[in-house]
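Read-outs: derived from the displayed coordinates by stated rules, not from any lab. Not measured: the values here are computed from a predicted model. Cβ coordinates were reconstructed from backbone atoms using ideal geometry, including for glycine residues, and neighbour counts include every protein chain displayed.
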Amino acid sequence: MTSTTTDGVEPRGLGSIWAAGLLGPVAWLADLEVSLMYTRTAVATDRKWPLFAFHGVALALTVVALLMLNRQRRRLAERGDAALAAARSLVAWGIAFAVFAALLIVGMVIPTVVFHPRDLP
């Protein structure tokens, strides 16, 4: 009798790996879209603080994704099964994508700090 917990990662753990792996890039994409939608309002009202709030929320979501993935990485390292290599690879790629998304979000903050709202693209 085989069960999913002995053959590999339990379904709940695999779902959290996928959710955390996609959370960083989705947070970056949402930040990009919301910032582009708000730019016209920022020019009209001459206020940049909502843009900083959008960036902060996206960066916080990306950090949450990194923490979730790090927790899963530690759990998978403790088990040490060779059958969990695919799950470990998924966690590693999720961490890489979350770090890349965090760098993109931080890179989007720089023009918001440097330029006036009417100069934003």
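Could you compute the FRET efficiency for V106 and S16, with r as their C-beta to C-beta distance and R0 at 22 Å, rounded to 0.05? Computed FRET efficiency for V106 and S16 comes out at 0.30.
Potential lengthening of the chain between R71 and R47 amounts to 4.8 nm, from the contour at 0.36 nm per residue minus the alpha-carbon distance.
Under 20 °C and 1.002 mPa s, how fast does region 21-114 diffuse according to Stokes-Einstein, given a Kirkwood radius computed over C-alpha pairs? Answer in µm²/s, whole number. Numbers along the way, then the final one.
On the way: Rh = 14.4 Å.
It comes out at roughly 149 µm²/s.
Helix 85-114 and the longest principal axis of the C-alpha atoms of the chain enclose an angle of approximately 10°.
Among residues other than Y38 with Cβ under 12 Å from its Cβ, the summed charge is +1 (Lys and Arg +1, Asp and Glu -1).
How do 50-63, 104-117 rank on mean C-beta neighbours within 10 Å, highest first?
On the way: 50-63: 17.9, 104-117: 14.2.
Highest mean packing first, the order is 50-63, 104-117.
What do you get for the angle between helix 11-45 and the principal long axis of the chain? Use alpha-carbon atoms, 0 to 90 degrees, nearest ten. Value to nearest ten degrees: 0. Among L23, F115, A92, whose Cα lies farthest out toward the positive end of the dipole of the chain, if unit charges sit on the beta carbon of Lys, Arg (+1) and Asp, Glu (-1)? Positive-most Cα among the choices belongs to F115. Think of it as helices only: each DSSP H run of n ≥ 4 in the chain is worth -39500 (n - 2.57), and spread over all residues that comes to -29500 deg cm²/dmol at 222 nm.
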